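The values are calculated or read from the model by the stated rules, or taken from the named source; none is laboratory data. In this text, all values refer to a predicted model and were calculated from it rather than measured experimentally. So basically every Cβ, Gly included, is an ideal-geometry build from the backbone, and we count neighbours across all protein chains shown.
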Amino acid sequence: MQKYIVRGGRPLYGEVRISGAKNAAVAIIPAALLVGGVCRIENVPQISDVTVLLKILRQIGANVRVLNTTDVEIDCTHINTTRVPQELAHKLRASYYLIGALLGRFGSAEVSMPGGCNFGGVRPIDQHVKGFAAMGADVREGDYIVARAKGGRMKGANIYLDVVSVGATMNIMMAAALADGVTVIENAAKEPHIVDLANFLNSMGANIKGAGTDTIRVFGVEALHGGTYAIIPDQIEAGTYMAAVAATGGDVLIRGIIPKHMDCITAKLQEMGVEVEEKDDTLRIRRDGELTRTNVKTLPYPGFPTDMQPQITTVLALARGTSIVTEGVWDNRYRYVGELTRMGAQIRVEGRTAIVEGVSHLTPATVQAYDLRAGAAMVVAALAATGTSEILNVQYIERGYEDIIGKLRSIGADIESVEYSEEEFIQRQIG
Ligand code: EPZ
């Protein structure tokens, strides 16, 4: 097992380059299953969720070639089975995209119930299932989700999502790409990764219109062909480095971003007294004065992203005054607050609201990463706290942040990943 040791309390200076977007990559890689031909996918982040997905594709017969640190070639011309075994699928939430992709191409999918980050509440997939059923699939849920399209091919349908769901929007797009007829998804999610998946599929011959708006129309085509596609930069990875600089102070140039995707995060940090300067594909972020309070409400895109909620709350913990954070997407995403309070933060959670009384500094401690973004928040907090902190359960962080240690060290952080034993882990849990 690995843990991070962070000697915090130093401002960050330098430049950091952002990797490809995790939540786009984990949809685009399964979407290669829809393509009879070679897909060259560029700007793929080196994170463990991607490694697992590539292993799953290989396991079911895809030819996967890792070309270099960012590019892979996936050829799903010959797939042996539409059954995805549990041992790998349960490792990540995004394995649900295998259902839409396999159903779309082969009219059949058997995929173990997805695992992934657990925020402490339920993560339902009823909207995905509703979409597949409307398109003529028979879907049974148990340890495995078993779905079969009537007549072996999905049929276009009108689907109104009861909740704005990123996963359901993308899964239905995949199931619809090769369907017979037109699928209309209403109340669709609009995140940058939705647009990225549509662009990927369109570049392989699909006909998808309206991605990035509330209504997406998928005109089913007979087949998709191979091609080359580069994944967009990761909005949340960039936002996390912005939060780190806001918390520690310093001056960092963040390279390789799409500024438009950063608008909501930039606006909040500016309200808090952080200087953010945007130029082409870079953001310069500077903070040397005090942080001031603000309120944050997470919402589907273009609102403030829920995947930045733990990191921004950590910055607000250091801001003068009382801030109110409202979680508008998930029922329960405050499990990390207990860890932050052990570092001296003063935060009270009431349902979906966190009331944050700013403190002048955080104190170092040994803390747990409960999930990916909670872990990122612990890194931000530890970087800001003067002294030595330890972060346990870092495998969650490495699911979604490429080379976080190397990148943070390159901007002056004192952070290292060290091995520790299972016994030490158990001792820490009970001690
Ligand atoms: C995606 O999860 C992301 N994961 C999450 O990021 C992110 O927090 C979330 O979108 C919201 O932006 C991936 O892309 C792999 P949803 P997803 O379906 O698709 C409810 C991270 O940290 N809902 O948009 O699973 C649900 O309970 C991860 O990178 C239903 O009720 O999220 C939630 O309240 C964690 N029924 C809301 O909708 C459904 O069938 C939004 O969920 C589906 C969702």
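Report every pair of residues separated by at least 6 positions or lying on different chains whose Cβ atoms are under 6 Å apart, first residue within the stretch 42-70 and modelled with pLDDT of 95 or more and within 16 Å of the ligand (Cβ to nearest atom), second hydroxyl-bearing (S, T, Y) and not in a helix (DSSP H, G or I).
Cβ pairs passing all conditions: V44/T70; P45/S19.
Hey, among G289, G328, G321, which residue is in contact with a Gly (Cβ under 9 Å, 6 or more places away or on another chain) and within 26 Å of N23 (Cβ to Cβ)?
Numbers: G289 fails: within 26 Å of N23 (Cβ to Cβ); G321 fails: within 26 Å of N23 (Cβ to Cβ).
Going through G289, G328, G321 in turn, the sole match is G328.
Residue-wise test of (1) modelled with pLDDT under 95; (2) in contact with a helix residue (DSSP H, G or I) (Cβ under 8 Å, 6 or more places away or on another chain).
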| site | (1), (2) |
| --- | --- |
| N118 | yes, no |
| Q127 | no, yes |
| A137 | no, yes |
| Y144 | yes, yes |
| V164 | no, no |
| A168 | no, yes |
| M174 | no, yes |
| L178 | no, yes |
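Out of (1) touching a strand residue (DSSP E or B) at 6+ places or on another chain (Cβ under 7 Å); (2) buried (at least 24 other Cβ atoms within 10 Å of the Cβ); (3) of a type in the set (A, V, I, L, M), the odd one out for L392 is which?
With (1) touching a strand residue (DSSP E or B) at 6+ places or on another chain (Cβ under 7 Å); (2) buried (at least 24 other Cβ atoms within 10 Å of the Cβ); (3) of a type in the set (A, V, I, L, M) applied to L392, the lone miss is (2).
Please go through the stretch 249-302 and give me each residue that is touching a helix residue (DSSP H, G or I) at 6+ places or on another chain (Cβ under 7 Å), of a type in the set (D, E, K, R) and under 22 Å from A413 (Cα atoms), ordered by number.
R287
Would you mention how many residues in the stretch 22-41 are out of contact with any helix residue (DSSP H, G or I) (no Cβ under 6 Å at 6 or more places or on another chain) and within 12 Å of the ligand (Cβ to nearest atom)?
Within the stretch 22-41, residues that are out of contact with any helix residue (DSSP H, G or I) (no Cβ under 6 Å at 6 or more places or on another chain) and within 12 Å of the ligand (Cβ to nearest atom) number 1.
Does at least one position in the stretch 330-337 carry a residue that is in a helix (DSSP H, G or I), buried (at least 19 other Cβ atoms within 10 Å of the Cβ) and among the hydrophobic types (A, V, I, L, M, F, W, C)?
Taking the stretch 330-337 first, the residues in a helix (DSSP H, G or I) are 337.
Narrowing the set further to residues that are buried (at least 19 other Cβ atoms within 10 Å of the Cβ) leaves 337.
Subset that is among the hydrophobic types (A, V, I, L, M, F, W, C): 337.
Yes - at least one qualifying residue is present in the stretch 330-337.
The rows are residues; the columns are (1) loosely packed, with under 15 Cβ neighbours inside 10 Å; (2) of a type outside the set (D, E, K, R).
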| position | (1), (2) |
| --- | --- |
| K55 | yes, no |
| N63 | yes, yes |
| T81 | yes, yes |
| E87 | yes, no |
| Y96 | no, yes |
| R105 | no, no |
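So that you can scan it fast, the table gives a plain yes or no per residue for (1) more than 30 Å from G8 (Cα to Cα); (2) within 15 Å of the ligand (Cβ to nearest atom); (3) crowded, with 24+ Cβ neighbours inside 10 Å:
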{"site": "P192", "(1), (2), (3)": "yes, yes, no"}
{"site": "D196", "(1), (2), (3)": "yes, yes, yes"}
{"site": "G205", "(1), (2), (3)": "yes, no, no"}
{"site": "G220", "(1), (2), (3)": "yes, no, no"}
{"site": "A230", "(1), (2), (3)": "yes, no, no"}
{"site": "P233", "(1), (2), (3)": "no, yes, yes"}
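Sort out for me the helices (runs of 4 or more DSSP H) sitting completely within the stretch 343-431 that have 3 or more residues that are of a type in the set (D, E).
Result: 422-430.
Find all pairs meeting these conditions: Cβ atoms under 7 angstrom apart; at least six residues apart or on different chains; first residue within the stretch 380-401 and over 17 Å from D307 (Cβ atoms); second residue basic (K, R) and assigned to a helix (DSSP H, G or I).
L392/R428
Return the residue satisfying two criteria in turn: it lies in the stretch 156-190 and is within 13 Å of the ligand (Cβ to nearest atom) and of a type in the set (S, T, N, Q), and of such residues it is surrounded by the fewest Cβ atoms within 10 Å (Cβ to Cβ).
Selected residue: N187.
Residues to consider are A382, A365; find the one that is of a type in the set (G, A, S) and surrounded by fewer than 24 Cβ atoms within 10 Å (Cβ to Cβ). Walk me through how you get there before you give the answer.
Working: A382 fails: surrounded by fewer than 24 Cβ atoms within 10 Å (Cβ to Cβ).
Exactly one residue qualifies, and that residue is A365.
Here are some conditions: (1) surrounded by fewer than 21 Cβ atoms within 10 Å (Cβ to Cβ); (2) in contact with a helix residue (DSSP H, G or I) (Cβ under 9 Å, 6 or more places away or on another chain); (3) in contact (Cβ under 8 Å) with a residue 24 or more places away in the chain. V349 meets all but one. Which one does it not meet?
Exception for V349: condition (3).
Restricting to the stretch 311-354, count the residues that are among the polar types (S, T, N, Q) and more than 23 Å from E271 (Cβ to Cβ). Spell out the reasoning first.
In the first step, residues of the stretch 311-354 are kept if they are among the polar types (S, T, N, Q); the result is 311, 313-314, 322-323, 326, 332, 341, 346, 353.
Adding the requirement that they be more than 23 Å from E271 (Cβ to Cβ) leaves 332, 341.
Count: 2.
Which of the residues spanning the stretch 310-346 are in contact with an Asp or Glu (Cβ under 6 Å, 6 or more places away or on another chain) and in contact (Cβ under 8 Å) with a residue 60 or more places away in the chain? Even if it seems obvious, please write down each step before you answer.
Initial filter on the stretch 310-346 (in contact with an Asp or Glu (Cβ under 6 Å, 6 or more places away or on another chain)): 320, 322, 333, 346.
Selection gives R333 alone.
If I filter the stretch 1-40 down to residues being touching a strand residue (DSSP E or B) at 6+ places or on another chain (Cβ under 8 Å) and polar (S, T, N, Q), which single residue comes out as farthest from A369 (Cα to Cα)?
Looking at residues that are touching a strand residue (DSSP E or B) at 6+ places or on another chain (Cβ under 8 Å) and polar (S, T, N, Q), I get S19.
Can you find a residue in the stretch 280-302 that is away from the ligand (no atom under 16 Å from the Cβ), at positive phi, buried (at least 17 other Cβ atoms within 10 Å of the Cβ) and not polar (S, T, N, Q)? Outline the logic, then answer.
Within the stretch 280-302, the subset away from the ligand (no atom under 16 Å from the Cβ) is 280-295.
Next, from what is left, pick out any that are at positive phi: 280.
Still in the running and buried (at least 17 other Cβ atoms within 10 Å of the Cβ): none.
Scanning the stretch 280-302, I find no residue that is away from the ligand (no atom under 16 Å from the Cβ), at positive phi, buried (at least 17 other Cβ atoms within 10 Å of the Cβ) and not polar (S, T, N, Q), so the answer is no.
Would you call E87 within 16 Å of the ligand (Cβ to nearest atom) and acidic (D, E)? First the steps, then the outcome.
Details: within 16 Å of the ligand (Cβ to nearest atom): no; acidic (D, E): yes.
So E87 fails the test.
Within the stretch 237-276, can you find the residues that are under 24 Å from D403 (Cβ atoms) and among the charged types (D, E, K, R)?
E237, D251, R255
Going by the conditions given, is S95 over 19 Å from the mean Cα position of the chain (by Cα), among the hydroxyl-bearing types (S, T, Y) and closer than 22 Å to A62 by Cβ? Even if it seems obvious, please write down each step before you answer.
Numbers: over 19 Å from the mean Cα position of the chain (by Cα): no; among the hydroxyl-bearing types (S, T, Y): yes; closer than 22 Å to A62 by Cβ: yes.
Judged against the criteria, S95 is not a match.
Restricting to the stretch 239-267, name every residue that is part of a loop (DSSP other than H, G, I, E, B) and within 24 Å of G8 (Cβ to Cβ). Break it down stepwise before answering.
Taking the stretch 239-267 as the starting set, the residues that turn out to be part of a loop (DSSP other than H, G, I, E, B) are 249, 256-258.
Selection gives G249 alone.
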